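Notes for the one structure printed next.
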Amino acid sequence: MNNNSNNILKWLVILLAVLNVALLFTIWLKPKHEHHINQFRPMPPPNGDNGGPGEMLIHELQFNDMQIKEFTKLRDEHRASIKELQKSGYELRDTFFDLLKSDSTETKKTTELSEAIASNQQALEMATFNHFQKVRAICNAEQKKIFDNIINEVTKQMGRPPMPRGEGPPPPHP
């Protein structure tokens, strides 16, 4: 029995050693992988903002003070126009789906509303495109090269903004 318990202990020690080596190997590889993925991620912003695409652009493009001032103005204008378009989009969707409450839905009305929703979405996309066109215009030649390389990452970070509480459609019920 003593010999059997020694064998079990030997195998447990070997197993733990292998697991430790695997863990160390994983830890050593992970930072390299994360660095590659996050190569365009901004450093934490000093102003307490949560970062995001705007802070990423400022950091990656290394905007000077004048460019930061112009960029901030452009960003604020863009946010205001987007907010209005999003509000309108939420209202259009509410009206559109309210049509489901009727037993007889007019095809003409559903078509008109779906086209209005599509038009609103197009306006959102164009507003964002025009915004980034203006941002690119404030860049110098070297910054434009960087901008061109990171713009897709920036737009992916933008994603869909969270819906403000109490506005828009209610969450789906399971």
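The values are calculated or read from the model by the stated rules, or taken from the named source; none is laboratory data. From a predicted model like this one, the values you see are computed outputs, not experimental measurements. Backbone-built Cβ (ideal geometry, glycine too); neighbour counts: all protein chains shown.
Data for the structure
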{"item": "Number of positions in region 113-160 that are charged (D, E, K, R) and not in a helix (DSSP H, G or I)", "result": "1"}
{"item": "Test for residue 14: is it outside the structural domain of residue 143 (by TED's automatic domain parsing) and at pLDDT 80 or above", "result": "yes"}
{"item": "Only listed residue being more than 30 Å from residue 150 (Cα to Cα), touching a Gly at 6+ places or on another chain (Cβ under 8 Å) and not polar (S, T, N, Q), chosen from 93, 75", "result": "93"}
{"item": "Hey, residue 34 surrounded by 12 or more Cβ atoms within 10 Å (Cβ to Cβ) and either modelled with pLDDT under 85 or part of a helix (DSSP H, G or I) (or both) or not", "result": "no"}
{"item": "Cβ pairs under 8 Å, 6+ apart, first in region 94-108 and within 23 Å of residue 120 (Cα to Cα), second in a loop (DSSP other than H, G, I, E, B)", "result": "94/168; 94/169; 97/169; 99/105; 99/106"}
{"item": "Qualifying residue in region 127-144 (condition: polar (S, T, N, Q), at pLDDT below 85 and either in the same structural domain as residue 61 (by TED's automatic domain parsing) or within 18 Å of the chain's Cα centre (by Cα) (or both))", "result": "no"}
{"item": "Yes/no for residue 86 being surrounded by fewer than 16 Cβ atoms within 10 Å (Cβ to Cβ) and within 25 Å of residue 53 (Cβ to Cβ)", "result": "no"}
{"item": "Residue 79 being within 17 Å of the chain's Cα centre (by Cα), at pLDDT 90 or above and surrounded by fewer than 16 Cβ atoms within 10 Å (Cβ to Cβ)", "result": "yes"}
